[in-house]
Structure formats: C-alpha cells, structure tokens
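Colleague: Handing you this structure, nothing more for now.
The values are calculated or read from the model by the stated rules, or taken from the named source; none is laboratory data. All figures in this text were calculated on a predicted structure; none of them were measured in a lab. Because the Cβ atoms are built from the backbone with ideal geometry, glycine has one as well, and the counts that use them run over all protein chains shown. Just so you know, the surface numbers come from the protein's heavy atoms only, side chains and all, with ligands and any DNA or RNA stripped out. Shrake-Rupley method; radii C 1.70, N 1.55, O 1.52, S 1.80 Å.
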Amino acid sequence: MKWTFFALLIYALFFAPGQGGMEDPILQAFLSGEFGKLDPLVTMVFSFLGIFPFFWTALYFRSDQYAVPAWPFALLSFGLGAFALLPYLFFRKKEKKARPRVQNIGYALSSRWAMLTLLLITLFLYIYGLLFGSFSGYKEAFLQSSLVSVMTVDFLLLVIYSWWWIRKEAPGKEWLCFFPLSGALIACAISLRKDRQR
C-alpha cells in the first residue's frame, strides 16, 4: 500500500490532466452551486467520495486498536480520501492499545441501519448518474478538470481498498466489489456481527 500511496500522490501532483486550482471549470461549478452544468456521472462519483469517508470512518473507528490511532486518518479522509486512509496502513504499529470509546462509536456508525441509510443514498446516486449521465461527458470532464481526474483515481483506489478489506473481514463476499461502494456497505453490515464476537 505504501507504493500505491506514493503513486497516487505523484499522479495528482504531476500527471493529472486538466486545469487545476481556481481555473478548474468543474471546481468552479461545484463552488458556485451550478450543478446543472455538471455531467450527472461526475456528480455521482463526487458524491460517492463524500459517502466513502463515512464508511471508512466506521471501519477505522471500530478497529482502532493499534499504537498509532486510526481515527485522525479516518477524519482526514473527508477531505483527502485515500490520501489520508492509506498512510495509516504503514504508520500503524503492531503494538495494541485499547480505545473502547472510539470502537463503540465505530460500531454505532457501522450499524445495519446506518449502512442501510448510506446504501439507499448510494442507490439513488447510481440511478441519477447512470440514467442521466454519459461516459463521453465524464471523459471530457476528466480531461478538462484536474479535480475530476484525481477524484477518479481516488475513487478507483478506494474500490480496490474495499476489495482488500472485504477479503479480510468478510471472506467469500469479494464479488460485492463489482458494485462500487454499495457492495462495500453491504459487506460492512454482514461483517458487523462477526466483528462484535471477536
């Protein structure tokens, strides 16, 4: 995961196509609230990157048991996505430290009702993005906007990260990753009882 993080960082800094900063047309549209100018697929992926941090915060909190605390990385993911999540995997140490309060918050955030709520929002976004968006429009936005190009790679990396987590926590359910985000939410709900019994 360490080299994956550095590859993502190098891509974002030096190779991501499109305009960056305040010259980025997609960023300008988001900041001005002109969502009608955005392709629905772009809005869908952007929104997914808002839901993913809730999912990973729940998981990081409920498994926060190492010497280096997981919760700061989880909270930073709301702004930085995988840029914040991946470093935890190589900064944490093998030594254990109990954080029952943080873990209880994690169990609450990953409850079946919480995952169901996020799943319904995700399904609505799928319908909106796939029915009204276009891959050609997304490709154009990817080439024009540094924000879209970086968030696309960030999203794909989080999907791969989800596969790794599902393989570890819910063996046999890895196929759920073929349904980005929604599959991870379902796997999280399935694994909750097993995690509680450890």
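Colleague: If you roll a 1.4 Å probe over the heavy atoms of the protein chains, what accessible area per residue do you get for the chain, in Å²?
Modeller: On a per-residue basis, 55 Å².
Colleague: For Phe78 and Arg112, calculate 0.36 nm times their separation in residues minus their Cα-Cα distance, and state this gained length in nm to one decimal.
Modeller: 10.1 nm
Colleague: Could you give the spread of the C-alpha atoms of the range 129-198 along their three principal axes, from largest to smallest, in whole angstroms?
Modeller: 49, 24, 16
Colleague: If you don't mind, another one. Taking only Cα atoms and a 10 Å spring cutoff, compute GNM fluctuations for the chain and point out the largest among Ala184, Ala29, Ala74.
Modeller: Maximum fluctuation in the GNM of the chain, among the listed residues, is at Ala29.
Colleague: For the chain, just list the percent of Cα-Cα distances falling in each 5 Å bin from zero outward, please.
Modeller: Bin by bin from 0 Å, the calculated values are 1, 8, 14, 19, 20, 16, 11, 7, 4, 1, 0.
Colleague: Let me ask you something else. By how many nm would the segment from Lys168 to Arg101 grow when fully extended, if each residue of separation counts as 0.36 nm and the alpha-carbon distance is taken off?
Modeller: 21.7 nm
Colleague: I would also like to ask the following. Where the centre of each part is set by its Cα atoms, how far does the range 29-75 sit from the range 77-96, in angstrom?
Modeller: 14 Å
Colleague: Could you rank the peptides 64-71, 143-150 by their average count of other C-beta atoms within 10 Å per residue, with the highest value first?
Modeller: Highest mean packing first, the order is 143-150, 64-71.
Colleague: Shifting gears a bit: If you build a Gaussian network model of the chain, linking Cα atoms that sit under 10 Å apart, which residue out of Phe15, Phe46, Phe90 swings the most?
Modeller: Phe90
Colleague: Provide Rg over Rh for the range 87-157; use the alpha carbon set for both Rg and the Kirkwood Rh (inverse mean inverse pair distance).
Modeller: Result: Rg/Rh = 1.15.
Colleague: Going by average Cβ neighbours within 10 Å, how do the peptides 92-99, 56-63 rank, with the highest at the top?
Modeller: My ranking of the peptides, most packed first, is 56-63, 92-99.
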